[in-house]
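Structure below; questions to follow.
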Amino acid sequence: MIKFLIEKEFKQLARNPFILCLVIALPCVVMLLFPWATTMEIKHMSLSVVDNDHSAMSRRLIGKIASTDYFDITGNFPDTDIAMESIEYGKSDIIIEIPPDFEKSLTEDRHAVIMVSANAVNATKASMGISYLSMITDSFAAETGLEGSGSGIDLSGGVEISPYYRFNPLLDYKIPMIPALMVLILTLLCGFLPAMNIVGEKETGTIEQINVTPVPKLTFIVGKLIPYWIIGVVAFSLAILVSYLVFGLVPVGSLILLYGVAFIYIFGISALGLIISNYSNTMQQAMFMIFFFIVIIILMSGIFTPVSSMPEWARAIARVNPLTYFADIIKSIYLKGSSLKDVQNELYALLAFFVFIIAWAVFSYRKRE
């Protein structure tokens, strides 16, 4: 039975050549134009500290950094290797490592080098974080030099930052943007197209022919979702191909895991489109509703602006936004090579969204006997 439903959906799609053009053109245009066309204050970045000096001077510098709104100190670690794990698991954005002779170097040589490692999956966030740290350390050096001027010590500009950018050493802004654009493509395609589906059949009257058949609601909804799942997979594959051919970017992590997560999200966001279609009576109404929800989902997901920089009410919305978790997973797999264990919490959230949204899509479809 479901075979004939899927066949019907593809025949309907084939009658509208605009959809086929959209499926092919949207990934190509977005992947080719947006990285070049898109070139913002960031706060509450997670900072891990490795203090190898444990001196009054090092504690004062850490206190000055912690007193700003730019950084939240999330941990103090005994060595760099342990701290680096916090970046790899997404618990820290930046690591600051103070050398063992920090205070001595400042007082005797009037110069010290601090090692800073930044998670450059978000290149903008990493570069801004390094810039903020540079300004803070310059201010610290100037203040300390002023207070120590009586002893003849001039520390102004005496603290040097030695940055290291993880996962994006050249700070190419296009690299973290490409996975975000893939997420955007799937959200737009697999959100808008299903939203037009059932309401389109309502306007033409063909939905009544299905309503009088013994097709179960679950079978009907799944039959509606599978074509858009295939469309989403094709668009996702096309985006990956374009990112490789044009930008030379390939997934660092498992391609199987990447597609597995995409499959889940495509089903979920397509089901959201069907829900809106179920509650809409006209095509115009469905368009306005899906546009309203999709815009909110995209803007509140942290794709282009970090969630940590949002106000608390916005972070609360982001925590229940499935796109937030999907974007984090795609970036982690694509750029950091994260494994299933690394993204399991975000994956559980996506699965919960998938189950809830499919159940809602089935429940909201009113099949008149």
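Tally the residues that are of a type outside the set (Val, Ile, Thr) and modelled with pLDDT under 80, restricting the search to segment 173-194.
Residues of segment 173-194 that are of a type outside the set (Val, Ile, Thr), as a first pass: 173-174, 176-177, 179-182, 184, 186, 188-194.
If we keep only those that are modelled with pLDDT under 80 too, we end up with 173-174, 176-177.
Number satisfying all stated conditions: 4.
Also: For segment 332-348, state whether one or more residues are of a type outside the set (Lys, Arg) and closer than 23 Å to PHE192 by Cβ.
Just the residues of segment 332-348 that are of a type outside the set (Lys, Arg), to begin with: 332-335, 337-340, 342-348.
After this cut, where a residue has to be closer than 23 Å to PHE192 by Cβ as well, the list is none.
No, every residue in segment 332-348 fails to be of a type outside the set (Lys, Arg) and closer than 23 Å to PHE192 by Cβ.
Those residues that are surrounded by fewer than 19 Cβ atoms within 10 Å (Cβ to Cβ) and either over 15 Å from ALA180 (Cα atoms) or touching a Phe, Trp or Tyr at 6+ places or on another chain (Cβ under 6 Å) (or both), I need them from segment 245-256; list them, please.
Residues satisfying the conditions are LEU245, VAL246, GLY248, VAL250, PRO251, VAL252, SER254, LEU255, ILE256.
Kindly evaluate ILE290 against the criterion of being within 25 Å of LEU193 (Cβ to Cβ), buried (at least 19 other Cβ atoms within 10 Å of the Cβ) and hydrophobic (A, V, I, L, M, F, W, C).
On the way: within 25 Å of LEU193 (Cβ to Cβ): yes; buried (at least 19 other Cβ atoms within 10 Å of the Cβ): yes; hydrophobic (A, V, I, L, M, F, W, C): yes.
Judged against the criteria, ILE290 is a match.
In this structure, does ALA118 turn out to be assigned to a helix (DSSP H, G or I), open to solvent by less than 50 Å² (accessible area, probe 1.4 Å) and modelled with pLDDT of 75 or more?
Details: assigned to a helix (DSSP H, G or I): no; open to solvent by less than 50 Å² (accessible area, probe 1.4 Å): yes; modelled with pLDDT of 75 or more: yes.
When the stated conditions are applied, ALA118 does not pass them.
Looking for whichever is at pLDDT 85 or above, at negative phi and touching a Gly at 6+ places or on another chain (Cβ under 8 Å) here; the options are ALA262, ALA239. Which one fits? Give the derivation first.
Working: ALA239 fails: touching a Gly at 6+ places or on another chain (Cβ under 8 Å).
Every option except ALA262 fails the conditions.
Just one of (1) part of a helix (DSSP H, G or I); (2) modelled with pLDDT under 85; (3) open to solvent by less than 60 Å² (accessible area, probe 1.4 Å) trips up PHE326, so point out which.
(2)
Continuing with this model, one more query. From the list PHE236, PHE292, which one is within 22 Å of the chain's Cα centre (by Cα) and farther than 30 Å from LYS91 by Cβ? Show your work before the answer.
Details: PHE236 fails: farther than 30 Å from LYS91 by Cβ.
Step by step, each of PHE236, PHE292 is checked, and only PHE292 is within 22 Å of the chain's Cα centre (by Cα) and farther than 30 Å from LYS91 by Cβ.
Would you point out which residue out of ILE298, ILE266, ILE276 is closer than 27 Å to HIS44 by Cβ and touching a helix residue (DSSP H, G or I) at 6+ places or on another chain (Cβ under 7 Å)?
On the way: ILE266 fails: closer than 27 Å to HIS44 by Cβ; ILE276 fails: closer than 27 Å to HIS44 by Cβ.
Going through ILE298, ILE266, ILE276 in turn, the sole match is ILE298.
The values are calculated or read from the model by the stated rules, or taken from the named source; none is laboratory data. Keep in mind the model is a prediction, meaning the values are calculated, not measured. Methodologically, a virtual Cβ is constructed for each residue, glycine included, from the backbone with ideal geometry; neighbour enumeration extends over all protein chains shown. Calculation scope for accessible area: heavy atoms of the full protein, side chains included, ligands and nucleic acids excluded. Shrake-Rupley method; radii C 1.70, N 1.55, O 1.52, S 1.80 Å.
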